């Protein structure tokens with residue numbers, strides 16, 4: 001019973017990440033945002049919640065593996081995700097872990113990932129190398 005409750009908690013925290021483009025370029029002239037506002041706007045990211053039922057079946061299977069601590073099909077599953085692009089909330093190094101969501105018919109890991117935070121926050125991306 002405890003595993004079921006834990007799994008339900010894990011998948012209720014899934015979110016989908018997407019980048020919000022800046023509203024205006026500060027070099028565009030007087031109609032643009034002030035530089036500080038532009039920088040703040042360009043650093044903001046849209047993080048939308050997504051229902052677990054809307055995730056691909058492979059993502060739901062990956063969540064189950066994360067909840068039971070594996071075994072994972074890819075050697076890089078569980079490695080630290082560094083968040084270099086700062087698309088996720090800033091946290092200390094080692095906070096995020098990266099897991100592969102298999103892509104049907106792909107010859108490699110593909111571009112779908114779940115990023116798991118140490119506090120139980122989860123992020124799904126179907127274009128890992130762009131977002």
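No value in this document is a laboratory result; all are computed from the given coordinates. A quick note: this is a predicted structure, and the numbers were derived from the prediction, not measured. Note that each Cβ is placed from the backbone with ideal geometry, even for glycine, and that neighbours are counted across all protein chains shown.
With the Cα gyration tensor of segment 81-131 giving a ≥ b ≥ c as the square roots of its eigenvalues, does the rule (a/c under 1.5 for rounded; else a/b larger than b/c for prolate; else oblate) give rounded, prolate or oblate?
In terms of gyration-tensor shape, prolate.
According to a simple spin-label model (label point 7 Å from Cα along Cα-to-Cβ), what is the distance in nm between residue 69 and residue 86?
3.5 nm
Please list 114-127, 80-93, 50-63 highest first by mean number of surrounding beta-carbon atoms within 10 Å per residue.
Going from most to least packed, we get 114-127, 50-63, 80-93.
Take residue 60 and residue 79, extend 7 Å from each Cα along the Cα→Cβ direction, and tell me the distance between the two endpoints in nm.
The modelled label-to-label distance comes out at 3.0 nm.
Between residue 49 and residue 107, what is 0.36 nm times their sequence separation minus the Cα-Cα distance? Round to one decimal in nm.
17.9 nm
For segment 54-110, what class follows from the C-alpha gyration tensor (a ≥ b ≥ c being the square roots of its eigenvalues): rounded when a/c is under 1.5, otherwise prolate if a/b is larger than b/c, else oblate? Could you put the intermediate results ahead of the total?
Numbers: a/c = 1.76, a/b = 1.57, b/c = 1.12.
The shape class here is prolate.
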